[in-house]
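Structure first, commentary second.
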Protein chains: 2
Amino acid sequence: MVTLKKLAKELNVSVSTVSKALNDNDEISTETIAKVKALAKLYNYKPNRAALNLKSRNTKTIGVIIPNILNHFFAKVLFSIEKEASKQGYNIITCLSNESYDKEMKSLELLSNGSVDGFIVSVAEETQVANQTNHFNTIVEEKIPLVMFDRVLNEVECMKVVINDYETAFNTTTHLLNEGRKKIVLLSNISELSVGKLRTKGYVNALQSFPNYKNQPIILSQINSNDFEQEIHELLAKDTEIDAIIAIDNTSGVTALHKALKLNKQVPKDLSIIGFSDNNVLPFTNPKLTTVAQHPIAIGFNAVNMMIDKIENQTPENKKISISTELIFRETTL
Amino acid sequence: MVTLKKLAKELNVSVSTVSKALNDNDEISTETIAKVKALAKLYNYKPNRAALNLKSRNTKTIGVIIPNILNHFFAKVLFSIEKEASKQGYNIITCLSNESYDKEMKSLELLSNGSVDGFIVSVAEETQVANQTNHFNTIVEEKIPLVMFDRVLNEVECMKVVINDYETAFNTTTHLLNEGRKKIVLLSNISELSVGKLRTKGYVNALQSFPNYKNQPIILSQINSNDFEQEIHELLAKDTEIDAIIAIDNTSGVTALHKALKLNKQVPKDLSIIGFSDNNVLPFTNPKLTTVAQHPIAIGFNAVNMMIDKIENQTPENKKISISTELIFRETTL
DNA sequence: CTGAAAGCGCTAACAA
DNA sequence: TTGTTAGCGCTTTCAG
């Protein structure tokens, strides 16, 4: 590795001269600057990151903790975080909690030693179910900037980026009601999560505030996705009065559609289906799935910008941003 | 931030005593060790990473450069890399080249300053099309360990993890031939890539070495995926003799299936379809897609282990590992 | 205009 | 058993 020392020796000047020259310090003569830069270029000199970090007490790195990278929503948020961070000269260290509290806690601990300038996190399922907040509070106490997105813990005093889960589910359900649907089922494999609860509440309240709706809310929720497929099938097979489905997670809308088609239901004539999903390959079913777009790009963008603002300007208050969703009509609704 | 210095002051001992005590150095008395550790725990002391890096000249961090995180294959490899790296005490800095040569090169440059101990990369499309190797050769010259996976550049002297692309396509095509298929189309949106070329070659050679196959190879390849959907549709609509499709990228198999169904083709009776895809939600079509499993978990696992072996044991040779694929029969083949 | 020296936080050889 | 010192690579104040 080529260091300032080496350049200095070779040029018969001091280390500090080289350092200043490379930083265009006007204490240094233009000739010296030129000479130094030429040699630095020749040797492909790059200032050592560790030394820089030690000196400046920052790393230009953000720790990102994602529950599940195989979920397209999170993949897209990560994509956006990386893009925006990179644009602003920051690197990201990615940790995948895989929904485990333990992994999440350990990642937080491991990186809160000066490895990163702050954390952007979507909380693991285990953490949310048990409502664990200690590991995050430790981070907050250490004054390390923290942004939670999508799945957040209200009890933790930090920046937050969410979507308007409740309103989205309320409005989506209302749309189905306005279609004239009489028996609307909610499908969820995220009922333990903050977002799942809010969306479920929105669905229930929409049904209850609709004058002519007669049925009770029907909620099919499951963690294990293998059984879930089967359960969806059985539900649709047994109860032929079901005429609409709102699937509040990222995949079960597609599953429901395939099951409905297998049962020879006419979609959307007999049955409307709305999923939560981004504009990815998933909705490219036949017919194409109507979905709620969660705007993961905007979520990542805002998370990074809040973070960098906090890091660089020490803004004291903890902003909470809510991103509005959008119902994208395709072919599984009337 | 709490440092050794602070602990030392508080305990009226020297910094080195504290350091040694925390590292269980047997020069230090058990009482002192106990005292030091107690205070360290109380203050939640964590050794500063930057200082450690500077001292030890390693970072316990691997730079990972992925072309496209929205591609499920790469997401799963990343998942695997993170899991294995984490298990071995390494962090990963993730960069997304988004298929851009420029971004890839800049990421490489930015991180090759002691930010990481090595790189795991799948080459960007632009880089492969232009066969750019300089930026990687610079890394190699600087003796920074480098593993390429899936999309590799043969000209670069580094470790490699690939799948047996040629054989896979050959065998898959042969399977379709053995089904009795007479007109087999290859679909690809990756024809510019090393892997795409190898797979295409496997397909062509399989057709040519099959005695009774009469038709020429038919290859539909496209970068722009919007048009691609339309083109697939037209191809299937126009040429009704087509009775099998091998889709060598991650998504077009699903697209082809949906288009075929829309055209009222019986799958697999009239038309067999095989895609390249992992065991994710994509094959959960109706009927379920038969796919070539690329074992992304094994790819990530091997990449990390090669990398860490190189970092920690300075193994001189550059291994190349080939992971075998597997044809997973579902419902779109006979 | 250039250089010497201190210090970021840590480890480790050497002294006491 | 503990402390002193040097040094990892860099920046920056202060002297020259």
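Structure data summary
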quantity: Unmet requirement for A:K262, which otherwise passes all of (1) within 12 Å of chain B (Cβ to nearest Cβ); (2) of a type outside the set (A, V, I, L, M, F, W, C); (3) under 20 Å from A:E179 (Cβ atoms); calculated: (3)
quantity: Residue check for B:I273: under 19 Å from B:V152 (Cα atoms) and either over 15 Å from the mean Cα position of the chain (by Cα) or among the aliphatic types (A, V, I, L, M) (or both); calculated: no
quantity: Flag for A:L7 being more than 9 Å from DNA strand C (Cβ to nearest atom) and either buried (at least 16 other Cβ atoms within 10 Å of the Cβ) or within 14 Å of chain B (Cβ to nearest Cβ) (or both); calculated: yes
quantity: Contacts under 6 angstrom Cβ, first residue in segment A:102-130 being among the basic types (K, R), partner in a loop (DSSP other than H, G, I, E, B), 6 or more apart; calculated: A:K103/A:S97
quantity: Residues that are assigned to a loop (DSSP other than H, G, I, E, B) and surrounded by fewer than 17 Cβ atoms within 10 Å (Cβ to Cβ), drawn from segment B:197-219; calculated: B:S209, B:F210, B:P211, B:N212, B:K214, B:N215, B:Q216, B:P217
quantity: Residue within segment A:248-255 that is without any contact (Cβ under 8 Å) to a residue 40 or more places away in the chain, within 14 Å of chain B (Cβ to nearest Cβ) and of a type in the set (D, E, K, R) present; calculated: no
quantity: Residues satisfying the stated conditions in segment B:257-291, i.e. modelled with pLDDT under 90 and either in a loop (DSSP other than H, G, I, E, B) or in contact with a Gly (Cβ under 8 Å, 6 or more places away or on another chain) (or both); calculated: B:S277, B:D278, B:N279, B:N280, B:V281, B:L282, B:P283, B:F284, B:T285, B:N286, B:P287, B:K288
quantity: Residues satisfying the stated conditions in segment B:21-46, i.e. more than 41 Å from the chain's Cα centre (by Cα) and within 8 Å of DNA strand C (Cβ to nearest atom); calculated: B:N25, B:E27
quantity: Number of positions in segment A:149-175 that are buried (at least 18 other Cβ atoms within 10 Å of the Cβ), among the charged types (D, E, K, R) and not in a loop (DSSP other than H, G, I, E, B); calculated: 2
quantity: Candidates A:A247, A:A298 - the one that is under 30 Å from B:A256 (Cα atoms), modelled with pLDDT of 95 or more and under 27 Å from the mean Cα position of the chain (by Cα); calculated: A:A247
quantity: So B:L289, is it out of contact with any helix residue (DSSP H, G or I) (no Cβ under 8 Å at 6 or more places or on another chain) and over 30 Å from B:V140 (Cα atoms); calculated: no
quantity: Condition check for B:A50: within 8 Å of DNA strand C (Cβ to nearest atom) and either more than 14 Å from every other protein chain (Cβ to nearest Cβ) or closer than 29 Å to A:L52 by Cα (or both); calculated: yes
quantity: Residue list for segment B:292-320, restricted to those being in a helix (DSSP H, G or I) and exposed (fewer than 14 other Cβ atoms within 10 Å of the Cβ); calculated: B:E312, B:N313
quantity: Exclusive hit being under 30 Å from B:S112 (Cα atoms), away from DNA strand C (no atom under 16 Å from the Cβ), touching a residue at least 60 places away in the same chain (Cβ under 8 Å) and not in a helix (DSSP H, G or I), set A:I62, A:I69, A:I81, A:I92; calculated: A:I62
quantity: Any hit, segment A:13-20, residues being within 27 Å of A:D117 (Cα to Cα), more than 11 Å from DNA strand C (Cβ to nearest atom) and surrounded by 12 or more Cβ atoms within 10 Å (Cβ to Cβ); calculated: no
quantity: Within segment B:3-46, tally of residues that are more than 12 Å from DNA strand D (Cβ to nearest atom) and outside any loop (DSSP other than H, G, I, E, B); calculated: 9
quantity: Residue ID - farthest from B:E331 (Cα to Cα), chosen from residues in segment B:176-189 that are buried (at least 21 other Cβ atoms within 10 Å of the Cβ) and of a type in the set (S, T, N, Q); calculated: B:N189
quantity: Filter result for B:I190 (in contact with an Asp or Glu (Cβ under 8 Å, 6 or more places away or on another chain) and within 29 Å of B:A130 (Cβ to Cβ)); calculated: yes
quantity: Verdict on B:Y203 being under 29 Å from the mean Cα position of the chain (by Cα) and among the aromatic types (F, W, Y); calculated: yes
quantity: Selected residue [modelled with pLDDT of 95 or more, in contact with a His (Cβ under 8 Å, 6 or more places away or on another chain) and assigned to a helix (DSSP H, G or I)] from A:E104, A:E126; calculated: A:E104
quantity: Condition check for B:V254: in a helix (DSSP H, G or I), of a type outside the set (S, T, N, Q) and touching a Ser or Thr at 6+ places or on another chain (Cβ under 8 Å); calculated: yes
quantity: Hits in segment B:134-148 - residues which are surrounded by fewer than 16 Cβ atoms within 10 Å (Cβ to Cβ) and not in a helix (DSSP H, G or I); calculated: B:E142, B:K143
quantity: Residue within segment B:134-156 that is more than 12 Å from chain A (Cβ to nearest Cβ), basic (K, R) and farther than 23 Å from B:L186 by Cβ present; calculated: no
quantity: Residue match in segment B:69-92 (condition: farther than 28 Å from B:D309 by Cβ and either among the aliphatic types (A, V, I, L, M) or within 16 Å of DNA strand D (Cβ to nearest atom) (or both)); calculated: yes
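So that you can scan it fast, the table gives a plain yes or no per residue for (1) more than 12 Å from every other protein chain (Cβ to nearest Cβ); (2) surrounded by fewer than 24 Cβ atoms within 10 Å (Cβ to Cβ); (3) farther than 17 Å from A:I66 by Cα:
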site	(1), (2), (3)
B:K55	no, yes, yes
B:N58	no, yes, yes
B:P67	no, no, yes
B:S80	no, yes, no
B:I92	no, yes, no
B:E104	no, no, yes
B:I120	yes, no, yes
B:V123	yes, no, yes
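The values are calculated or read from the model by the stated rules, or taken from the named source; none is laboratory data. A quick note: this is a predicted structure, and the numbers were derived from the prediction, not measured. Cβ: placed from backbone, ideal geometry, glycine included. Neighbour counts: every protein chain shown.
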